[in-house]
Structures are given as C-alpha cells and as structure tokens.
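Peer 1: Provided herewith is a single structure, encoded as structure tokens, for subsequent inquiry.
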Amino acid sequence: MRDRPEFPEEQPGAARADGLRRLSRLTWRAAQLSAVTAVGFAALFARTAPGQTAAGDSTAAAAAKTSPPVATPSSSSPGKARPKRVRATASASPQAGAGPATQAAAQPTAKASQTAAAAPSKSATLAPPSTAPAPAPSASSAAAPTPTVSSTSHGGG
Amino acid sequence: MPPASVMMAARTFPALGTFATVLVAEPGALDLAHELLAAELDAIDLACSRFRPDSELWRVNHARGQRVPVSPLFAEALAVALDAAELTDGDVDPSCGQSLVRLGYDRDFAQARRHTDPLRQPPMPAGGWRGVTLDPGQPAVRVPPGILLDLGATAKALAADRAAAAIEAATGGGVLVNLGGDIRVAGDPPDGGWRVGIADDIDFDASTARIEPRQVVMISDGGLATSSPLGRAWRRGGTDLHHIIDPSTGRPATSCWRTVSVAAASCVEANIASTAAIVRGERAIGWLDGLRLPARLARHDGTVVVVAGWPAG
C-alpha cells in the first residue's frame with residue numbers, strides 16, 4: 001500500500017514530531033550558517049575598509065579636545081585608516097637584505113646614522129616643548145637672534 | 001667670564017636649497033658641529049631628494065609599484081612623513097608629489113621658478129599616502145603606481161632633529177641647528193635660552209641677509225618651525241603659486257595665515273603642526289591650542305594670534 005506509513009508501528013503523531021525535529025535542526029543550522037557568514041563579512045570588511053575610507057578631520061578635532069593634548073595616530077578612530085606598515089623605527093645600519101644599490105645609497109648616511117640613535121624622532125605625537133618660548137630680554141649685548149623664517153619645505157600641504 | 005651668548009659660535013652655509021646654520025655654546029666645537037651637520041644634510045639629500053636620480057626617493061617613486069629596499073634613514077624619513085599624514089588627517093601628505101609636479105614644481109626650485117608659461121595639466125589632489133607600504137624590518141617600501149612621494153615637508157625637519165642630537169652627543173655641549181627656519185636645539189642652552197628671531201613677512205631666499213625678525217623669543221629645548229606660503233612661491237601663466245599644497249585639491253593652500261610658527265618637542269612635530277596650520281586656516285587656532293603647542297599665527301594684514309603660551313609681542 002503506497003499510502004501506508006513506512007513504519008506502521010509508529011503512532012500517528014510520530015511523523016509530525018519527526019518533521020518538527022528536522023525543521024528545528026534545519027533552523028539551527030541556518031542560524032549557524034548565518035552567524036558564520038556574518039563573521040566572514042565582518043572580517044572581510046575589516047580587511048578592506050582601510051583602503052576605502054575617505055579622509056576627514058573629525059578625528060583631529062576630537063583629539064584636540066581631549067586630554068592629554070597629544071595627537072597620536074589612532075587605529076581605532078572611526079573613519080580613519082592607517083598606512084600599511086608596522087610602526088617604523090630606524091635601525092642603526094643598513095640591513096643585509098638590502099640590494100647593492102641600497103647599500104651604496106646608505107653608505108653616505110652611515111656617519112650620521114651612528115649618532116642618530118640619540119635623536120629619536122617623536123613624530124608619532126605632536127607634543128609641546130618642555131619649556132614654552134619666552135620673551136627675549138632686550139639686552140643689547142646679546143648675540144644676534146638666529147632667524148627662523150618661512151619654512152622652505154616643499155610639499156605635504 | 002663672558003656670558004654664554006657672547007661665547008657662542010655660529011656658521012651658516014647653503015644646503016637643501018636653503019640655508020643651514022649651526023650655533024654651538026662652546027666655540028671650540030664649531031668645526032665638528034659643522035662637519036656633523038653637513039654629513040647629515042648630505043645623507044638626507046641623497047635619501048630624500050625628489051630631483052636627484054641617484055636618490056632613494058627617486059628609485060621609490062619610479063619603481064612602478066614594485067617593492068624597493070631602502071636604507072634605515074629613508075625608512076625613518078618615510079615613517080615620519082606617514083606619521084605626519086596620520087596626525088593631521090592627511091593635511092600634511094607625502095603623496096602630494098604629483099600635485100607639485102602639476103603645479104610646475106617638477107625640478108629644483110631655483111630652476112622651476114624660472115618657468116612662467118601656463119600650466120598644461122589640471123591640479124591633482126593627493127591623498128594616496130594610505131596606499132604606501134613601509135616595511136621597517138627589511139626595510140623596504142612599496143608605492144602604488146601613479147603616486148609620487150615628496151618628503152620635503154618633514155625630511156628637513158628630521159635632519160635638524162637628527163643633526164642636533166648627533167652634535168650634542170659628539171660635543172657634549174649645547175647646539176642649535178636651523179635649516180631654513182626649521183630649528184632644533186639640544187644640550188644645555190646658553191643662559192636664558194637660544195634667541196630666535198621670528199620673521200613673517202619676508203620674501204625669503206637662500207640667505208639670511210634679508211631677514212628682519214618681527215619678534216625675538218628664547219627657546220631652551222625642542223624644536224621650532226615656521227611655515228609660510230611666502231617662502232617658496234612662483235608664477236605660472238599669471239597665477240601665483242606656492243609650495244604648501246592642500247592635498248584635498250592639489251592646489252596651493254589658500255590660507256588666512258601668511259606665517260605660522262610653532263614650538264614643539266621636536267622640529268619634526270613643530271614642522272608638522274605649522275604646515276598643517278597653514279592648510280587648516282582658522283581651525284588651526286583651536287587645534288594648536290588644544291594640543292598646547294605654543295604658536296604664533298600671522299594674518300596677511302599683519303595681525304598676530306598667539307596660542308598656548310607663545311609670548312605676546
């Protein structure tokens with residue numbers, strides 16, 4: 001008989017209960033799949049977002065209002081993207097892996113680089129000096145001031 | 001015993017298209033200080049010149065997107081430049097080289113300013129600094145095709161920082177290094193500090209002869225930098241141009257300030273802040289004040305705004 005239950009010994013409600021269990025399992029697996037997909041999209045977005053985020057000045061404005069008043073690069077700032085690099089600190093000598101051209105280019109820097117370790121460039125912050133500029137006394141015997149004039153740097157805004 | 005200011009010794013010489021001055025508190029240290037400064041300037045020029053075909057920057061800019069091994073010095077200079085972009089939300093952008101080229105600054109400034117014919121290409125905004133990859137471990141750099149780096153905004157200030165530290169380490173005495181207005185002091189200052197003249201209305205050239213300071217201040221540590229659109233200006237096709245680029249437009253920044261001087265913990269920081277202040281215009285007042293960076297901002301009409309403890313006058 002084609003219309004008989006496959007397992008005639010089961011009660012009439014058994015098929016319904018089995019169907020509900022299967023539906024429950026399907027629902028649970030669909031939920032799992034959705035969660036995995038969401039995590040995947042989140043990871044994908046996290047990797048690709050820095051290259052697509054437009055620059056803005058809201059972060060600097062926010063930094064200017066915070067205390068302590070030191071601007072620091074912030075990878076967690078909304079809408080900000082970091083350049084693709086690890087925090088750079090100059091080493092004292094050219095790396096062995098550098099090509100001949102690089103080593104040749106680096107040679108003239110060796111003398112300066114030897115002592116450059118004492119010149120940490122605190123460029124990751126915009127910090128004030130320990131002592132603010134003070135008014136100059138009008139002493140006629142003082143040496144002529146060293147002029148600081150229009151910066152001749154040619155780029156970067 | 002004469003006061004320290006009388007004992008100081010100084011030497012000025014042309015460098016990096018501008019002037020370099022070194023002052024030492026101990027006159028006997030002047031020759032060594034000069035030698036160290038000259039070596040640092042040679043090194044930074046060889047690493048970071050946009051116009052020298054033998055420079056590292058030239059190789060990086062012409063690598064067509066390929067990874068280029070670089071010296072530690074170049075890596076440091078680029079790291080500083082990228083930090084500048086990040087700290088200013090891109091207002092000080094090392095990827096503005098193409099913008100400068102479009103504006104006619106495609107060769108040494110002394111040569112570029114001789115050309116006055118109209119520009120042939122429209123301005124090109126910058127903003128590509130985020131695509132630059134710096135691997136400080138190797139070190140190596142990769143610049144996306146089409147991006148042209150210009151490290152001029154920060155490399156000179158970096159040279160001042162490095163040279164001052166090197167001279168102090170070698171001589172054990174106080175030193176002031178001034179590279180075309182980018183100043184760094186190190187070691188024990190003379191009594192009362194180093195006297196620094198602030199000029200804000202000059203037609204600057206590679207000489208100190210025409211400078212008449214509007215204010216004189218004393219500094220004891222850190223750096224002091226002055227930025228101005230008056231510094232390097234030229235004319236193309238009847239249009240006045242200058243070297244401080246607004247990266248968002250690729251055009252010379254239209255600023256309410258003719259000069260901004262900033263004091264900071266280092267010359268690099270002072271330079272970043274003063275350059276960004278030119279680009280930011282009025283917003284710079286609150287920004288600098290919030291950072292507690294002593295600054296003097298001069299408007300085109302001559303009025304002056306001082307913030308964060310910069311002395312009035």
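The values are calculated or read from the model by the stated rules, or taken from the named source; none is laboratory data. The shown structure was predicted, so the numbers you read here are calculated from the model rather than taken from an experiment. When we count neighbours, we look across all protein chains shown, and the Cβ atoms used for this are built from the backbone with ideal geometry, even at glycine.
Peer 1: I'd like to know if the stretch B:147-169 contains one or more residues that are assigned to a loop (DSSP other than H, G, I, E, B), more than 7 Å from chain A (Cβ to nearest Cβ) and not aliphatic (A, V, I, L, M).
Peer 2: Checked the stretch B:147-169: no residue is assigned to a loop (DSSP other than H, G, I, E, B), more than 7 Å from chain A (Cβ to nearest Cβ) and not aliphatic (A, V, I, L, M).
Peer 1: Pick out the one residue from B:ALA263, B:ALA295, B:ALA312 that is surrounded by fewer than 18 Cβ atoms within 10 Å (Cβ to Cβ) and closer than 25 Å to B:ARG184 by Cα.
Peer 2: So the residue among B:ALA263, B:ALA295, B:ALA312 that is surrounded by fewer than 18 Cβ atoms within 10 Å (Cβ to Cβ) and closer than 25 Å to B:ARG184 by Cα is B:ALA312.
Peer 1: Please verify whether B:THR275 is crowded, with 23+ Cβ neighbours inside 10 Å and under 25 Å from B:SER99 (Cβ atoms), treating the condition exactly as stated.
Peer 2: Values: crowded, with 23+ Cβ neighbours inside 10 Å: yes; under 25 Å from B:SER99 (Cβ atoms): yes.
So B:THR275 passes the test.
Peer 1: For the stretch B:256-281, which positions are in a loop (DSSP other than H, G, I, E, B) and modelled with pLDDT under 95?
Peer 2: B:CYS256, B:GLY281
Peer 1: Report yes if some residue within the stretch B:109-116 is more than 7 Å from chain A (Cβ to nearest Cβ), modelled with pLDDT of 90 or more and over 27 Å from B:LEU179 (Cα atoms); otherwise report no.
Peer 2: Looking for residues that are more than 7 Å from chain A (Cβ to nearest Cβ), modelled with pLDDT of 90 or more and over 27 Å from B:LEU179 (Cα atoms), one finds none in the stretch B:109-116, hence no.
Peer 1: Right, here's the next one. Within the stretch B:38-72, can you find the residues that are within 7 Å of chain A (Cβ to nearest Cβ) and among the polar types (S, T, N, Q)?
Peer 2: B:SER71
Peer 1: A follow-up question, please. Can you pull out the residues in the stretch B:246-299 that are of a type in the set (D, E, K, R) and in contact with a Phe, Trp or Tyr (Cβ under 7 Å, 6 or more places away or on another chain)?
Peer 2: Initially, the stretch B:246-299 is screened for residues of a type in the set (D, E, K, R), giving B:246, B:251, B:258, B:269, B:280, B:282-283, B:289, B:292, B:296, B:299.
B:ARG280, B:ARG296, B:ARG299, listed by residue number.
Peer 1: Sticking with this structure for a sec: Which of the following residues is buried (at least 18 other Cβ atoms within 10 Å of the Cβ), free of Cβ contacts under 8 Å to residues at least 60 places away in the same chain and not hydroxyl-bearing (Ser, Thr, Tyr): B:LEU134, B:LEU149?
Peer 2: B:LEU134
Peer 1: What pairs come out if I take residues in the stretch B:27-40 that are at positive phi and pair them with residues that are among the acidic types (Asp, Glu) and assigned to a helix (DSSP H, G or I) whose C-beta lies under 7 Å away, six or more apart or interchain?
Peer 2: Cβ pairs passing all conditions: none.
Peer 1: If you go through the stretch B:127-142 one residue at a time, do you hit one that is in a strand (DSSP E or B) and small (Gly, Ala, Ser)?
Peer 2: Yes, there is a match, as at least one residue in the stretch B:127-142 is in a strand (DSSP E or B) and small (Gly, Ala, Ser).
Peer 1: Quick check on B:ALA160: is it modelled with pLDDT of 95 or more, of a type outside the set (Val, Ile, Thr) and out of contact with any Leu (no Cβ under 8 Å at 6 or more places or on another chain)?
Peer 2: no
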